[in-house]
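The values are calculated or read from the model by the stated rules, or taken from the named source; none is laboratory data. Since this is a predicted model, take the numbers as computed values, not measurements. Neighbour counts are summed over all protein chains in view; Cβ atoms, including those assigned to glycine, are modelled from backbone coordinates with ideal geometry.
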């Protein structure tokens, strides 16, 4: 199993997925990995898929000093939670608030697993 398949499987079974970017540098692989996971869950704006992993369950948090053209484009292209932070305590507060705001159908069960291969369906798919 390739690393991207492992990442997708992990994200599919997670109640929430948080992408954290703290420093710039060589981010090509990270940007491709992040975009691949978001695309797999049909979160691109305007995607014709009938089902989506709820975008509110995926958060993208960037240090205010972080810079990457690929990562900077993700909030424009995908329907996900996006936030920036300047301090570690600011990050903790924002993430805590985000996690507290996630909706559950019932408090005693996990959020449902999103399985991309079983749920991607549009009028043009065979």
* To do: Return yes or no: is residue 86 in contact with a strand residue (DSSP E or B) (Cβ under 8 Å, 6 or more places away or on another chain), exposed (fewer than 15 other Cβ atoms within 10 Å of the Cβ) and over 24 Å from residue 5 (Cα atoms)?
  => yes
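Starting from residues that are over 9 Å from the mean Cα position of the chain (by Cα), part of a loop (DSSP other than H, G, I, E, B) and free of Cβ contacts under 8 Å to residues at least 40 places away in the same chain, keep the ones in the range 40-51 and report whichever is surrounded by the most Cβ atoms within 10 Å (Cβ to Cβ).
That would be 47.
Conditions tested, residue by residue: (1) assigned to a helix (DSSP H, G or I); (2) out of contact with any helix residue (DSSP H, G or I) (no Cβ under 9 Å at 6 or more places or on another chain); (3) at pLDDT below 80.
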| position | (1), (2), (3) |
| --- | --- |
| 11 | yes, no, no |
| 26 | no, yes, yes |
| 38 | yes, no, no |
| 74 | yes, no, no |
| 84 | no, no, no |
| 92 | yes, yes, no |
| 105 | no, yes, yes |
* Scan the range 61-72 residue by residue and report those that are out of contact with any helix residue (DSSP H, G or I) (no Cβ under 6 Å at 6 or more places or on another chain) and either over 21 Å from residue 42 (Cα atoms) or crowded, with 19+ Cβ neighbours inside 10 Å (or both). => 61, 62, 63, 64, 65, 66, 67, 68, 69
* Number of the exception - residue 59 against (1) modelled with pLDDT of 80 or more; (2) part of a helix (DSSP H, G or I) -> (2)
* Asked: Looking at residue 18, is it surrounded by fewer than 17 Cβ atoms within 10 Å (Cβ to Cβ) and either within 13 Å of the chain's Cα centre (by Cα) or within 20 Å of residue 6 (Cβ to Cβ) (or both)?
  -> yes
* To do: Taking residue 34 as the residue in question, decide whether it is at pLDDT 75 or above, under 24 Å from residue 8 (Cβ atoms), in contact with a helix residue (DSSP H, G or I) (Cβ under 6 Å, 6 or more places away or on another chain) and not in a strand (DSSP E or B).
  => no
